[in-house]
Each structure stands twice: as structure tokens, then as C-alpha cells.
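Below is one structure, written out as C-alpha cells, with a few remarks after it.
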Amino acid sequence: MKEKLKTISFYTIQLFICAIILELTCNLFLQHSTNPLYRARKILQYDFDLGWMQKPNLKTTFEKQPVLTNDNGFRLPKNNNQSTDVQILTLGPSSAFGWGVANEDTYTSIIGEKLKLNPLNASGIGHSILQGQKMWQKVSPLLHPQYAVIAYGVNDLDKFRFFDSEPVNDLTFFSQGPYGLAIDKMQLPTDFASSLSLVLRQIEHSINCEKLVNSAQRVEWKDYENALTAMTNEMKEKNITPIIINTPFLLKHKNSLFSKTLIENTYLEMKNLARNKKCKEAQEKLKFAKTLEPDNINISVIEFNGFLKKFCEEKKLKCIDSWSLLVNSSATNNFYDPVHPSAKGHKLIADEIVKLIQQKN
């Protein structure tokens, strides 16, 4: 009996050690991946309503900055003190959340500090405005802020979402209920689970490339406009002043090969290859298309900002032109990476919002 217990104990300890090594390996993989979407999975989890959200009650680092979250996955200051009397609410994607920026350096925190307003950053990494609308519906019955900053854009122009690869737009995707792997829906608090989810998806895409046959922009302008109109109308009814921020983007180097015709033809070739079950060749076309995407995003963002400017003028809404603030001769200092403002970039945006609010008062 003693020998049997010794054997069981030995294998249990070995299994425990292997589990620790595996978890540490997955942690390093996620933390140091060259793919920012993989790195973000370290602090994200599946959400049955929003699709995904930051994990609740985090006390970790992300992109070399401390990240603390509350029960809802909203970012907290270092002192872990979140006022219930919220006076300024931010709804936006990772650029508003503060990717690569300390919480106190985000424009939400800076505005709160300068104007002595209690802030709440309800932004979600990778979120589109349709997820923002869901977030607004979730928090609006509980909060009565004076100002609401809305900053969605770059993810709306994208074709890819976290935790799924369904080739439909966000309106269709969220009306059906967010898709996710079983392991995602279990919300296991381990890096192994996050890594396994990514591996399973990669295997699925390698074997079955049907999802490359069709693709869709996550949120077309018409759907974006409808969501923003609904949100801002509700805010005005509650005497909340909405402040819209457009999308900045830093195109570091122009691709000499890029043209709209080339990227459109590349995606078309990818779809035809996927339709004919030539998955490996389709994946190669997708890789090439992604090398052209920065130039494509740059054009799309400029067009989107034009639509948003016209919308704000027609609806008489306050709009911050973050593109003009950040994309200039000092642009490399204003960005953490092409889609995320640096601490300096956040300060420039915050200063402009503070100026706008002070003028209003």
C-alpha cells in the first residue's frame, strides 16, 4: 500500500511540475509574441454579451505597464480606488483603454485630474461601436456622467475579431450571439487555455479555409452612424454631453507596392483559392494581403474621419480631431504603435478635450 501511495505521489508531483512548466511556457509565448492580438489574449476573456472583454479583477502588467481592473474589467488607477459618482465616461477601443500606457497617462485619467471630475474608462480592447453600444446599454442605467467620450473607429474598419473568425459583419455576428470555442466560454484563468484556443483556431484555419471565402468589414459607415446616433440621442436626453474622438493612425512607411487594385485582387485570389480548398495557397495570399493592410487602413481611416466630421457638424456634436493632433512632424513621439497613442499622444488629446469642456462652461 505504501509503495502504491509513493508511486501515486511521485506521478502527481511530476504532473504538477509539468503543468507549471506548461503554464510558464504559455505565459512567455503570449507575453512575447510578435502578434499584438496574441499578447492581448493574456488580459482578455470571452464575454457572453460583448464577445470579449478585459478579465475582471486583474492585477498584472501588459505591454510593460501595470493593468488593474474592477469586477467589470474596467481599468482602475494604481490606488485601486474607483468612485461610484462617475462624472466623465469613456467608451472606446484599445486606444482609449490605454494600450502600452499607464492608467494615469490615459486621456480619461488626465481629464479627470485636470477638471476634478471622477472618470470611468469603460473601453474594451478590440471593440467596435456596436460593442460600445452594448456597453453603453449596460452602464447607462447605473451612471449619470456629465460627459461621455466616444472614440470607436479603427476596429470598425477591420475584418477580424478576437475569439472568432466568422465572415460576417458585427451587426449580424452580435445579433446571433457571440461565437466562441468551448474552451473560450469556460473562461479558464490560465495562459494555457488562451494559448490552446489560439492553436485550435490556427489548426482549424489550416485544415478548413471556408471562412476565407467570404469576408466583411466589421461595421460599415451606415451601421456606425445608426449606433452613434442612438447613443448620442440617449445621452442628450439624460443631459450628458457626448464628445466624439476621431481615429488617428500612423503610417510609418508607405508600401511602394500598394494600390487599392492590388489589395482587392489579392483578397479575391485568396477567396478563389479557399473556395477550391487550396488552404495553404489561400493562407499565403492572406499573408501578402496583410502586408498591404497598413496603407489600406490609412486610406480607410482618412475616409472614415471625413464621414465622422460631417456627422458631427450635422448633429452639432463636439468632435476632437485626434488625427490632426497626432499625425504631424512629431508623430513618432505621439504614437506607441500605429494605432495606439503614446502617453504624449494621450496628453495632447486630453488637453484638447479639457479646452473644449472649459469653453463650454
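The values are calculated or read from the model by the stated rules, or taken from the named source; none is laboratory data. Values in this document were obtained by computation on a predicted structure and should not be read as measured data. Methodologically, a virtual Cβ is constructed for each residue, glycine included, from the backbone with ideal geometry; neighbour enumeration extends over all protein chains shown. Surface areas here come from the heavy atoms of the whole protein model, side chains and all, with no ligands, DNA or RNA. Shrake-Rupley method; radii C 1.70, N 1.55, O 1.52, S 1.80 Å.
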Checklist entry - In whole angstrom, how far apart do the alpha carbon centroids of segment 56-75 and segment 202-227 sit? => result 29 Å
Checklist outcome for this item: Taking R0 as 35 Å and r as the Cβ-Cβ distance between residue 7 and residue 187, the FRET efficiency 1/(1 + (r/R0)^6), rounded to the nearest 0.05, comes to 0.50
Next on the checklist: Among DSSP bridges having both ends in segment 33-358, what percentage is antiparallel? Round to the nearest 5.
Outcome noted: 50 percent
Checklist entry - Can you pull out the trypsin sites (Lys or Arg not before Pro) in segment 49-145 that DSSP calls coil and that have at most 13 other Cβ atoms within 10 Å? => result 64, 78, 116
Checklist entry - What list of ³J(HN,Hα) couplings, whole Hz, do you get for segment 68-76 from phi and the Karplus terms 6.51, -1.76, 1.60, once you set θ to phi - 60° and write x for glycine and proline? => result 10, 10, 8, 4, 9, x, 7, 6, 10
Checklist entry - How much accessible surface does residue 224 have with a 1.4 Å probe, in Å² rounded to 10? => result 0 Å²
Checklist outcome for this item: Residues meeting the amide H criterion for residue 336 (H placed from the backbone, H to H distance under 5 Å, 5 or more places apart or on another chain) are 342
Checklist entry - Where only protein heavy atoms count, and the probe is 1.4 Å, what is the accessible area per residue for the chain in Å²? => result 51 Å²
Item to check | Ordering of 120-132, 13-25, 185-197 by burial proxy (mean other Cβ atoms within 10 Å per residue, highest first) | outcome: 120-132, 185-197, 13-25
Checklist outcome for this item: In the chain, whole DSSP H helices that both stretch 20 Å or further along their axis by alpha carbon positions and average at least -0.5 on the Kyte-Doolittle scale are 2-32, 191-207, 343-360
Checklist outcome for this item: Taking protein heavy atoms only, a 1.4 Å probe, and rounding to whole percent, the accessible area of segment 278-337 owed to carbon and sulfur comes out at 53 percent
Checklist entry - residue 251 to residue 284: extension gain in nm, 0.36 nm per residue of separation minus the Cα-Cα distance? => result 9.5 nm
Item to check | Whole-number percent relative contact order across the chain, with pairs defined as alpha carbons under 8 Å at least 6 apart | outcome: 17 percent
Checklist entry - Using the Cα gyration tensor of the chain, with a ≥ b ≥ c the square roots of its eigenvalues, what is the shape: rounded (a/c below 1.5), prolate (a/b larger than b/c) or oblate (neither)? => result oblate
